[in-house]
Amino acid sequence: MDAGAEKTAIIRKWQRQVDAWQGLGKSALRDWVPTVGPFERAFPDQVFPVAALHEFQSFSLSDAASTQGFLSALCGKFLASGGTCLWMGAGGKVFPPALTHFGLDPSRIVFIDAPRTRDVLWAIEEALKCDILTAVIGEVSDVGFTESRRLQLAVEKSGVCCLLHRHRPRNTNNLACTSRWHIRPLPSLSEEGLPGVGLPFWDVQLLKVRNGRPGSWQLGWVNGQFTEKERPQEHLVFTQSFTG
């Protein structure tokens, strides 16, 4: 091995160790690696980082509903072989029975509402320290960098996945997160080409990813899977929000 190749091998080895400390790659704290969808190829080792903080931003009610649907489907993948999720927010905007459409059993979710942002953030941080949880979904508009750093440190110690949904934030400040996403609704597709409410489709934008490659996908939720699929224009219908 020449000197250049040896240096490259050393750099890659150290990068894999750094990724592991940050919950990235195949050496994450969890001993399970869920297969989630086409977007996982954007991450190191093409593995969705479960021991990490992921930020989702939405700026309209339709974006927020799509984001909640996407998070439900993603969390359903995490809980496919067991586990418990905590869903933390304010206002009770989620309709639990509808989550079964995305493979997420409401009986395995602990829903908590809190009136103040600081209470929501405190509850999220405390939940992330509990390693018997599989994932924590937190819905809060405004988060500072210091607060996000506390959440990330809790995640790195416990291996619990944190999915942070920021609806209409007053500013789009940078957070100490592994990834930043924007989910928007697309016209849905009926399985039989008939009018009515069809399968949900999303425009998935991965705006930021640590040590990975940002990208965008048009995904549908078909037969319990995230699917990239051609959508015949004559069969397009519009989906309704599953939130209440």
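The values are calculated or read from the model by the stated rules, or taken from the named source; none is laboratory data. Predicted model, so just to flag it, every value in this text is computed and none were measured. Methodologically, a virtual Cβ is constructed for each residue, glycine included, from the backbone with ideal geometry; neighbour enumeration extends over all protein chains shown. Just so you know, the surface numbers come from the protein's heavy atoms only, side chains and all, with ligands and any DNA or RNA stripped out. Shrake-Rupley method; radii C 1.70, N 1.55, O 1.52, S 1.80 Å.
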When a/c is below 1.5 the answer is rounded, else prolate if a/b is larger than b/c, else oblate, so apply that to segment 61-190 with a ≥ b ≥ c taken from the square roots of the Cα gyration tensor eigenvalues.
-> oblate
Can you give the FRET efficiency for residue 142 and residue 2, using 1/(1 + (r/R0)^6), R0 = 51 Å, r = Cβ-Cβ distance, to the nearest 0.05?
-> 0.45
Per residue, in Å², the accessible surface of segment 51-97 once ligands and nucleic acids are set aside, probe 1.4 Å | 28
In whole percent, the fraction of accessible protein surface over segment 100-153 that belongs to carbon or sulfur atoms, probe radius 1.4 Å, stands at 56
Rounded to whole Å², per residue accessible area for segment 130-220 with a 1.4 Å probe reads 44
Listed highest first by mean packing, meaning other Cβ atoms within 10 Å per residue, what order do 220-226, 110-116 come in?
-> 220-226, 110-116
Of the options 84, 109, 94, report the single residue whose Cα projects farthest towards the positive end of the charge dipole of segment 34-134 (beta-carbon charges: Lys, Arg +1; Asp, Glu -1).
-> 94
Return a whole-number percent for the relative contact order of segment 45-149, with Cα pairs under 8 Å and 6 or more residues apart as the contact set.
-> 29
